[in-house]
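Heads up: the structure comes next, in structure tokens.
None of the figures in this text is laboratory data; all of them are computed from the coordinates on show. It should be emphasised that the depicted structure is a prediction, and the values quoted were computed from it without experimental measurement. Because the Cβ atoms are built from the backbone with ideal geometry, glycine has one as well, and the counts that use them run over all protein chains shown.
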Amino acid sequence: MRSSLSAAGLRWGVYAFTSFWGAYLLFQLEPVIGKFILPWFGGSPAVWITCMLFFQVFLLVGYAYAHLNLDCFPVRRQGLIHAALLLLALLALPVTPEQSFKPENSDQPTLDIILLLMSSIGLPYFILSTTSPLLQAWIVRINPNRSPYTLYALSNFGSLLALLSYPVLFEPYFKLGQQTLGWSAGFFIYVLLCGGVALDFRRLAKAEKIVAKPVAIDDETHISDRLSSSLLWLFWLALPAATSTLLLATTNQLCQDVASVPFLWVVPLSLFIMSYIFCFARHDWYQRRIFIPALVIAAIALVAVLYGGGNFTLEAQVGIYSAGLFFCCMTCHGELYRLRPHPSQLTAYYLAISAGGALGGIFAAVVAPLLFTMYYEFHISLFACCVLTFYAVAVDSQLSGQKRRKPLLWLLAGAMLIWLGVNLANQAFQAASGKIRVSRNFYGVLRVEERSLENPDLAKRVMRHGAIDHGFQFLSGEKNQWPTAYYGNDSGVGLALTHFSREQGRRVGLVGLGTGTVLTYGKPNDYFRIYDIDPSVVEYAKTYFTFLKNTAARFDVVVSDARLALEREPPQAFDLLILDAFNGDAIPMHLLTEQALQLYLSHLRPDGVLAIHITNHYLDLRPLVSGMAKRAGYDYLLVQSQPSENRGWYRADWALLSKNQSFLQVSALQQAKNTGATPVESIIWTDDFSNMFRLLK
């Protein structure tokens, strides 16, 4: 008897560790592969959103396989089939994307990303996604008296640990190639473990020690017994769909104006997973009296941030968005756990949850960009989470006969939902009103608006990406061709274009078009070659601004990621190469690596100038500039120009790198350089190694 108990405990331990390890590998693969392909597609937050769509859809495929394996095959064959698939997955190792998947153009690369992910990680990710539902279903058929939801919480804990450990233990210390090789070794260990579990299940099935249909555990009560199947499936699909959409919408909000980096991907996803752990580990960890009031407070705070985001610090915004996401997920996933079925419906339950998650991902990554010109999916998913939570509580209260006991609370809940809906709709209307043009594509939301119209002298037309101005033009005829925003005469780029001259004319490379303000410095013999990844930016610059139309210089516009385009082109012999590519408030990280620097220098004349725009609210990019200059053997100047409302100048920080001492010693540059700044350390990033933490202000 004691030996039997010992064997059962050992088997439970193996199942538990295999569930944990499979989930750990599953969720560590996500930031690894996301960071790997981010530079290939312009560094946009939409790269991660598309990756998340792929992960959620393949999670659904894995859960569907688990459900079909259990329902369509005899118990003796289930383990054998799974063992064969495990061996097949080994053929996909190592999980390193092929360079051939680098895109040829930048127009809507969503399908390219999905095909790349299917080719490189599709089979291993599919196998890992089957672990949680399959092992839980097997363990309750071996031991019907054990609740499977402990394994579900444990697998979610493995997912959380993977996400939290990546930016702290792996990203700062290991190159991407080392990360993928290490992950592949971990997957090989997983195949051995899971293969052993599958063969053990087959052995027990042959010995007829498997329960064909598990029964309910005596001490569990199931609200799902009292609901119609259609309403039950509605909750199982809608609750995870709402939180999945909110997860991706929150990630978009956070990444637009800082940087699309694994750290800012991991925070929302970790909170999302944490809510599943809390709700499924124990039935009493989700307390309505605690989390529903917290949901109400969080929703009010989120509305405040939407209305006045510019009045909140970065830390406050990240905190409020994160808290709002967590409490929405806690209430929705808490109600989802209360609606759990008998173990006999376990795989159908998980299939519905994963289907809901996939629907949310499809809505956020595919449908919303087609339907909406701005990020309205955040408003919709926040409201949906609140409505579904209160609806689930109302249904439960009605079934329990408690509907009439607390009329004041239900009145307050209804008033709160009305207030929330009205304010979200009003904020969305305000965000879209007064714009000349608004459009949205893979690279974000682009807007053209007019400001200061009450003062004709200061009236201007502005291009905005996310929450950041990407340039503007005065409407007054006298000021219409003034260089404005970050490109004034006193700015680093303005000084460089003013004081660097060639008798035969200059060749200037410009990475990032914006409104085209830099071309106001163009002279008749100059040639500008402009690179911009976003076709909408090019359209807007030509349609709503006249800098391109009125420049004296000749120019060409290349619609592509600058790095990919420069890699394909012969040396351009630029006299000046201006790096001004923004993604929200941050330069895409892949444009600041050692490999990118070597590419720039190959297109720059020996006495040329590399001008890098480093203005940023949240990141101090000076250490990177210092490291790049030292690595290349260049001198550099930091020029910080001051704002001027009358002239239309913003505060702007530019770094000028060059070996041309006669240029660097120009008196105007020497007077403008920032000599009072404290010394900074030198940092070098590479394509497979970077750490944003060291740059946070």
Residues whose placed amide H lies under 5 Å from that of LEU510, excluding near-sequence neighbours: ARG529, ILE530, TYR531, ILE578
Would you mind finding the longest exposed-site-free stretch of the chain, with exposed GluC sites (Glu not before Pro) meaning DSSP loop and at most 10 other Cβ atoms within 10 Å? 209-453
On full extension of the chain, what length is gained from SER439 through SER452, given 0.36 nm per residue of separation minus the C-alpha to C-alpha distance? 2.4 nm
With θ taken as phi - 60° and the coefficients 6.51, -1.76 and 1.60, list the Karplus ³J(HN,Hα) couplings across segment 17-26 in order, rounded to whole Hz; mark glycine and proline as x. 5, 5, 4, 4, 5, x, 5, 4, 5, 4
Note: segment 230-433 at 37 °C, 0.692 mPa s; Kirkwood Rh on alpha carbon pairs; Stokes-Einstein D in µm²/s works out to 188 µm²/s
Sort ARG203, ARG507, ARG141 by Cβ crowding within 10 Å, fewest neighbours at the top. ARG203, ARG507, ARG141
What does segment 1-215 give for Rg and for Dmax, in Å, if only its C-alpha atoms count? 18.6, 67
Using θ = phi - 60° and the Karplus curve 6.51 cos²θ - 1.76 cosθ + 1.60, what whole-Hz ³J(HN,Hα) does each residue of segment 66-74 get, with Gly and Pro shown as x? 4, 5, 6, 4, 6, 8, 9, 10, x
Give me the distance in nm between label points sitting 7 Å out from Cα along the Cα-to-Cβ direction at TYR173 and PHE101, one decimal. 2.8 nm
Between segment 349-373 and segment 264-284, what is the separation of their alpha carbon centroids in Å? 19 Å
For the pair GLU478/GLN642, report the inter-label distance in nm, with labels modelled 7 Å from Cα in the Cβ direction. 2.3 nm
Hey, what angle do you get for helix 262-281 against the long axis of the chain, alpha-carbon based, 0 to 90 degrees rounded to 10? 20 degrees
How fast does segment 549-697 diffuse by Stokes-Einstein, in µm²/s, taking the Kirkwood radius from C-alpha pairs at 4 °C and 1.567 mPa s? 78 µm²/s
Give me the Debye-computed log₁₀ of I(q)/I(0) at q = 0.14 Å⁻¹ for segment 14-142, equal point scatterers on Cα only, no solvent, two decimals. -0.66
Computed FRET efficiency, Cβ-Cβ of LEU111 and LEU88, R0 41 Å: what is it to the nearest 0.05? 0.95
Output wanted: per-residue J couplings in Hz (rounded whole) for segment 561-577, from phi through Karplus 6.51 cos²θ - 1.76 cosθ + 1.60, θ = phi - 60°, x for Gly and Pro. 4, 4, 5, 5, 5, 5, 5, 8, 8, x, x, 8, 6, 6, 7, 10, 10
Out of all DSSP beta bridges with both ends in the chain, state the antiparallel percent to the nearest 5. 60 percent
Note, PRO39: beta-carbon cut-off 13 Å, +1 each Lys/Arg, -1 each Asp/Glu, net -2
Out of every Cα pair in the chain, what percent are spaced more than 50 Å from each other? 21 percent
Taking the 0 to 90 degree range and rounding to the nearest ten, how far is the long axis of helix 229-256 tilted relative to the main principal axis of the chain, both from C-alpha atoms? 30 degrees
Express in nm, to one decimal, how much length is gained between GLN595 and PHE73 on full extension, taking 0.36 nm for each residue of separation and deducting their alpha carbon distance. 182.7 nm
Just to confirm my understanding: which cysteines in the chain have no other cysteine beta carbon less than 4.7 Å from their beta carbon? CYS51, CYS72, CYS194, CYS255, CYS279, CYS329, CYS332, CYS386
MRE, 222 nm, helices only [DSSP H, n ≥ 4, -39500 (n - 2.57), over the chain, to nearest 500]: -18500 deg cm²/dmol
Quick one: dipole size for segment 1-215, taken about the Cα centre, charges +1 on Lys/Arg Cβ and -1 on Asp/Glu Cβ, in debye to the nearest 20. 1160 debye
Simple label model, 7 Å out from Cα along Cβ direction - ALA294 to SER230, nm: 3.6 nm
Provide, as a two-decimal number, the C-alpha radius of gyration of segment 454-554 over 2.2 N^0.38 Å, N being how many residues it has. 1.06
Quick one: the Cα spread of segment 380-514 along its three principal axes, in angstroms, biggest first? 89, 34, 23
